1. Whose amide H sits under 5 Å from the amide H of Tyr345, counting only residues 5 or more places off or on another chain, with H placed in the peptide plane?
2. Under 5 Å between amide H atoms, partner at least 5 residues away or on a different chain: which partners does Gly144 have, H built in plane at 1.01 Å?
3. If you roll a 1.4 Å probe over the heavy atoms of the protein chains, what accessible area per residue do you get for the chain, in Å²?
4. Helix-only estimate, please: 222 nm mean residue ellipticity of the chain, summing -39500 (n - 2.57) across DSSP H runs of length 4 or more and dividing by its residues, to the nearest 500.
5. Would you kindly derive the ³J(HN,Hα) couplings of the stretch 215-229 from the backbone phi angles with the Karplus curve 6.51 cos²θ - 1.76 cosθ + 1.60 (θ = phi - 60°), listing them in order in whole Hz, with x for Gly and Pro?
6. Please give every one of the lysines within straight-line cross-link reach of Lys42, meaning a C-alpha to C-alpha distance under 19 Å, and leave out same-chain neighbours fewer than 8 residues apart.
7. Ignoring ligands, DNA and RNA, what percent of the 1.4 Å accessible area of the chain is carbon and sulfur?
8. Just read off the accessible area of His58 with the full protein assembly in place, 1.4 Å probe, to the nearest 10 Å².
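The values are calculated or read from the model by the stated rules, or taken from the named source; none is laboratory data. What you are looking at is a predicted structure, and each value in this text was computed from that prediction instead of being measured. Note: ideal-geometry Cβ built from the backbone for every residue, glycine included; neighbour counts use all protein chains shown. Each accessible area value is taken on the protein alone, full model and side chains, heavy atoms only, with ligands, DNA and RNA left out. Shrake-Rupley method; radii C 1.70, N 1.55, O 1.52, S 1.80 Å.
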Amino acid sequence: MKALILISAILAIFVVIASASKIRYDNFKVFKIRTQNVEQRKMLEKLATDSENFNLWHSSNKEVHIMVSPQKLIHLQNYTRAYSLPLEVMVSNVQSLIDGEQPAKSTDDSTFGWTRYYPLSAIEVFLDEILAKYPAVASEINIGTSYEGRKIRGIKISYKEGNPGIFIEANIHAREWITSATATWLINELLSSTDEDVRSLAENHDWYIVPVLNVDGFAYTHETNRMWRKTRQPVEGSACIGADPNRNYNSHWMESNGASSNPCDETYGGPQPFSEPEVKALADYVTSIKERLNIMLAFHSYSQVLLSPYGWTSELPENHSDLTEVAKAYSDAVKELPYDTVYTYGSTANEMYYASGATNDWAYSEQDIKLSYTIEFRDTGRFGFILPPVQIIPHCEDTLAGLLALVKKADELGYLQTKYV
Ligand code: 0X9
Ligand code: ZN
Ligand code: ZN
């Protein structure tokens with residue numbers, strides 16, 4: 001009995017320590033601010049370099065979503081009043097969203113399902129189980145090692161020789177949890193669905209899916225800071241950690257203000273292109289199979305938009321009208337579902353903002369993968385990065401409907417010819 005009491009006392013202490021090391025967001029709020037010009041937007045972005053009190057959730061040509069600590073709330077209010085910018089509360093208490101995101105007990109606790117979000121270790125077990133269950137068609141991809149020494153793994157699904165290839169990169173941004181949840185759901189669906197259209201989607205294309213690219217950042221969002229975006233590699237000469245991996249690809253790197261040179265910014269491009277081992281690993285792997293790839297998709301959240309090249313210039317690529325037609329097919333198909341999710345589409349620089357060194361531009365320009373998109377998943381700001389678990393499966397259904405239509409249209413337009421002999 002005494003021993004039991006002692007054990008539970010020790011356990012209780014561990015729980016306290018474990019939760020004490022987690023950053024809390026009690027009474028942090030997220031505001032939506034409609035800016036009228038670039039200057040106003042830049043000023044708000046500058047506020048966000050105070051990373052203890054502010055965090056940028058979204059900042060586009062149309063609006064800025066900024067998280068603020070209770071301490072700096074008055075400051076933000078005074079600030080926006082001075083410029084007569086209307087403030088709208090998007091999230092009134094970030095911590096309560098985070099608390100609601102992890103149900104204490106769920107039916108998915110012992111088996112992998114999609115009614116909750118999982119840590120990296122559980123995702124790895126899921127991948128192992130898939131490999132064991134479908135050895136004839138699923139094989140492991142091991143693209144490399146992260147800065148902190150974690151394996152970056154994925155699954156290749158191939159039912160036959162000669163298929164056109166589709167590559168999916170997910171969770172390059174650490175806090176965008178819905179992206180890896182969608183990637184694992186898709187792996188399972190492609191292998192187990194009995195729906196005729198899904199079978200044909202699975203069996204007539206080769207799928208390369210990396211559910212969590214930014215493994216260090218992802219682990220950090222589970223263990224320490226739910227709102228982390230970047231990698232975890234320290235920056236020489238700075239106290240700030242990590243680079244934005246989606247600004248680190250060697251394609252027009254750091255051009256046209258599409259990335260920041262300040263290591264404390266969320267869009268820091270890194271000291272040089274491919275400085276981040278995770279990005280280098282993905283690039284090397286894709287380069288080694290580029291002849292086999294017809295479509296590149298980078299899963300992100302949030303905003304509900306399909307972004308095509310380019311992000312570093314507002315000029316449009318040569319096949320822009322095809323890219324638009326294919327994106328429209330995705331958007332139209334999602335609209336058919338009962339969830340009424342609306343996806344917009346356009347080139348990154350025109351539809352959202354300038355962003356250089358991103359995956360989809362690199363794949364398009366440097367690897368000649370002519371259908372290349374960043375897809376920003378649900379929602380448009382109600383929950384932002386902390387999309388409630390009850391939305392995971394409906395969102396995955398949206399994505400599958402979108403992909404079926406996207407691939408069909410890509411085929412119609414002649415983008416699925418095999419490029420290798
Ligand atoms: O800024 C980004 O990296 C992406 N948005 S997010 O909110 N998930 O961070 C958009 C990337 C757009 N893609 C290109 N620049 N081509
Ligand atoms: Zn250039
Ligand atoms: Zn992202």
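1. Residues meeting the amide H criterion: Leu306.
2. Ile152
3. Accessible area per residue: 42 Å².
4. Numbers: 13 runs with 157 residues, N = 421.
Calculated at 222 nm, the ellipticity per residue is -11500 deg cm²/dmol.
5. 4, 5, x, 4, 4, 5, 5, 7, 9, 10, 9, 4, 9, 5, 10
6. Excluding near neighbours in sequence, the set is Lys32, Lys62, Lys72.
7. The computed percentage sits at 54.
8. Answer for His58: close to 20 Å² accessible.
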